[in-house]
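Engineer: I'd like to ask some things about the structure below.
The values are calculated or read from the model by the stated rules, or taken from the named source; none is laboratory data. Just so it is clear, the model here is predicted, and its values are computed rather than measured. Here Cβ is always computed from backbone atoms with ideal geometry, including for glycine, and neighbour counts include all displayed protein chains.
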Amino acid sequence: MAAVYNRFDRWAKSGKWKRLFEALRLDGDDEWSSIDSTINRVHQHAAGAKGGSNTLSAALAALGDQLRRASTSILLNLAEGTGKFDKDARRFYAIARGSALECAAIIDTFEVLGFLNGVAYDQAQTLLDRIVAMLTVMIRD
């Protein structure tokens, strides 16, 4: 798990994630998308209901929904882990940590796409960095 986090962290600091999402944003046809290692092929006008939909707004809505689910997962797994002991507690803290890293990736995506920047982006990343650090200590204890 540390290797995955270290790679994610290295890529974030080097700007690799930013370049990747920028390249995806500039891809005009959105014919191929990869989310959670699953490839989905969807015609660009089939994303919405009758008459098609703006694929960018649909993607933003999906990301917003995923951010809500992941942030809720942090709280719920932290609460459930608090009621457990030793190995069981660490398992729930690890799940919460994974959800926090997922939130950070979504926030990075919003920033790359130009929908979040400046103080709001910095505050979100600082908070998520603190949450990940706290959960990492809780997993190790």
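Engineer: Of everything in region 132-141 that's closer than 18 Å to K13 by Cβ and surrounded by 15 or more Cβ atoms within 10 Å (Cβ to Cβ), which residue is farthest from the chain's Cα centre (by Cα)?
Structural biologist: For region 132-141, the residue satisfying everything is T136.
Engineer: A further question follows. Quick one: which residue in A79, A120 is under 27 Å from K13 (Cβ atoms) and surrounded by fewer than 15 Cβ atoms within 10 Å (Cβ to Cβ)?
Structural biologist: Only one candidate passes the filter, namely A120.
Engineer: Any residue that is at pLDDT below 90, in a helix (DSSP H, G or I), surrounded by 12 or more Cβ atoms within 10 Å (Cβ to Cβ) and of a type in the set (S, T, N, Q) - is there at least one of those in region 96-109?
Structural biologist: The answer is yes, given that some residue of region 96-109 is at pLDDT below 90, in a helix (DSSP H, G or I), surrounded by 12 or more Cβ atoms within 10 Å (Cβ to Cβ) and of a type in the set (S, T, N, Q).
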